[in-house]
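Structure record follows, encoded as structure tokens.
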Amino acid sequence: MELANFMHTTLGKTGLKVTRVGLSASYRPGKKTIYKAVDEGLNYFFSFGIDTQMHSALREVIKNKREKFVIASGGGNLIYTSQNLKKCLEKRLKQLRTDYLDIFLYLGVTSEKYFPEKVRDELYELKETGKVKYVGFSTHDRKLAGRMAEEGALDVMMIRYNAAHRGAEREIFPYVEKHDTGVISFTATRWRYLLRRPKGWPKDGEIPTPGQCYRFVLTNPHVDVCMMAPTNEKQFITNLKEINKGPLSQDEMDFMQKFGDTVYNRKQWFM
């Protein structure tokens, strides 16, 4: 994979031209980090309802150039309840001061029972209003994601994929090409477990850097966008600099898979 293709792609059947690194402000990295991401050419941004830094920064940068940015958000299944998708969308449009979102996801789908046909219909209805261009869901249920991809039921999906959790390679990626379903991945560092020395790993053994974790994900051509959620500007700059090295070599890939297997076999609880 050439570096140009490594850093830019088309998001599945949406036709949206996106940078393969997307930015989330979930860990409140500061508005300067978001501005820096824009300066570095990133154009894919994801915003939760509580991401006030992202809302504030995007309101400023999208003025008179909204079409240059791909803005994603979502609502949906929460721990004890679920959100009204129409109200959630309207709130997000108001927060961002935009007439539309490029992508709207139903979030938190842990199993099929939380993504009934009624919810899918609601997503399609939002799309028909023109206030959302494309719809999808976020899920940890790989078999459900694979089936949705095979059926062509969604424009995009956001899934977990990293060196420790590679099941998407068997259960999702083989099905996305049929309908060109866009794929956004999250938790490239497995909530930082891939950055720690697991029990049983040699004391003098190499530990992955965050950049290697992101490069592992992006080396897979089925992933269109890999989300990054830095905690500050310095971390963002360091990560992006390493990502710009391009795809992993075979030796690096072998290392990441071996380390990922060790982390996975620890069976530690994580979010």
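Just so you know, all these numbers are worked out from the coordinates, no wet-lab data involved. Worth saying up front: this structure is predicted, and the values here are computed from it rather than measured. Reconstructed Cβ throughout: ideal geometry from the backbone, glycine too, with neighbour counts over all protein chains shown.
All alpha carbon pair distances within region 127-229 were sorted into 5 Å bins beginning at 0; the resulting P(r) in whole percents reads 2, 13, 22, 20, 16, 12, 7, 4, 2, 1, 0, 0.
Measuring spread by the Cα atoms of region 219-259 yields a radius of gyration and Dmax of 12.0, 31 Å. Close amide-amide hydrogen proximity is noted between Val183 and Gly12, Met157, Asp224, Val225, each under 5 Å apart and 5 or more residues distant or on a separate chain (H modeled in the peptide plane; Pro and chain starts excluded).
Taking the Cβ-Cβ separation of Glu150 and Lys86 as r and a Förster radius of 25 Å, what is the calculated FRET efficiency to the nearest 0.05?
0.30
Pairs of alpha carbons in the chain separated by more than 35 Å make up 12% of all such pairs.
The alpha-carbon of Lys199 sits under 18 angstrom from the alpha-carbons of these lysines, leaving out residues fewer than 8 places away in its chain: Lys258, Lys267. With the convex hull constructed from alpha-carbon coordinates only, region 37-163 shows a mean projected area of 8.7 nm² over all directions.
Across region 112-129, computed HN-Hα scalar couplings (Karplus, 6.51 cos²θ - 1.76 cosθ + 1.60, θ = phi - 60°) run 4, 5, 8, 9, x, 4, 4, 5, 4, 4, 4, 5, 4, 5, 4, 5, 5, 6 Hz from first to last residue, x flagging Gly and Pro. Considering only Gly246, Val217, Tyr27, the residue lying farthest towards the positive end of the dipole of the chain is Tyr27, judged by Cα position with unit charges set on Cβ. Considering only Val38, Met7, Ile50, and ranking their Cα positions along the charge dipole of region 1-68 that arises from unit charges at the beta-carbon of Lys, Arg, Asp and Glu, the one farthest toward the positive end is Ile50. Between the helical axis of 210-219 and the longest alpha-carbon principal axis of the chain there is an angle of about 70 degrees. Could you check how many percent of all C-alpha pairs in region 169-230 are farther apart than 18 Å? Counting every Cα pair in region 169-230, those more than 18 Å apart make up 45 percent. Rounded to the nearest 10 degrees, the angle from helix 85-96 to the longest Cα principal axis of the chain is 80 degrees. Straight-line cross-link reach from Lys65 at under 20 Å between alpha-carbon atoms covers these aspartates and glutamates, not counting any fewer than eight positions away in the same chain: Asp39, Glu40, Asp99, Asp102.
Counting only alpha carbon atoms, the long axis of helix 233-243 and the longest principal axis of the chain meet at about 70°.
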